[in-house]
Amino acid sequence: MSELFRLCRDLIDIHAVRDWCQARGVALRVLSGPLSNFHGLAADDATTALLINVITAVGQFQRDLQNELTAEGIAAAEAEGRYRGRPPALAGAQLEEVRSAFTDHGTSIAALARAHGVSRAAIRTALTGLLPGQPGLPVLIPTEGPAEASG
């Protein structure tokens, strides 16, 4: 195989592949990567087992470290508001203007798109909850205070 970590995801998978090769008498040789200098990685001796355990443990550590760094990067991007796609085409006052024009004046989606220089899909996104067949926006219901509840 070209590289062992392309075939196996972790130390357990590597041992399963070695066991499969040993059971069938198949020679296992990696063509590139840290294990490429060793011939017969499916050999059943203590030295080969030690080498595979050490090198794959380091590979697993590298993968775990990469996953941690990726998670940290995603968390930092989310905290800065720049993760999960581009920002909506309409926001703030424009969004309220579009929603108001649609509900109060019955302005069509196409006309709103032309007037604001955005796509009809952007208008539909801005009108989430107002179009037929779409779930409504969550409505916040104020809770009664102690003075109002005792009436």
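A few comments on the model shown:
- Pairing residues of the stretch 77-91 that are touching a residue at least 12 places away in the same chain (Cβ under 8 Å) and within 15 Å of residue 126 (Cβ to Cβ) with residues that are part of a loop (DSSP other than H, G, I, E, B) and not aliphatic (A, V, I, L, M), at Cβ distances under 8 Å and at least 6 apart in sequence or on separate chains, gives 89/119.
- Meeting the requirement of 2 or more residues that are modelled with pLDDT of 80 or more and aliphatic (A, V, I, L, M), the helices (runs of 4 or more DSSP H) wholly within the stretch 56-151 are 92-105, 109-116, 120-126.
- As a summary of the residue check, residue 27 satisfies the conditions (1) loosely packed, with under 14 Cβ neighbours inside 10 Å; (2) part of a loop (DSSP other than H, G, I, E, B); (3) modelled with pLDDT under 80 except for the one numbered (3).
The values are calculated or read from the model by the stated rules, or taken from the named source; none is laboratory data. Note that this is a predicted model, so its numbers are computed, not measured. So basically every Cβ, Gly included, is an ideal-geometry build from the backbone, and we count neighbours across all protein chains shown.
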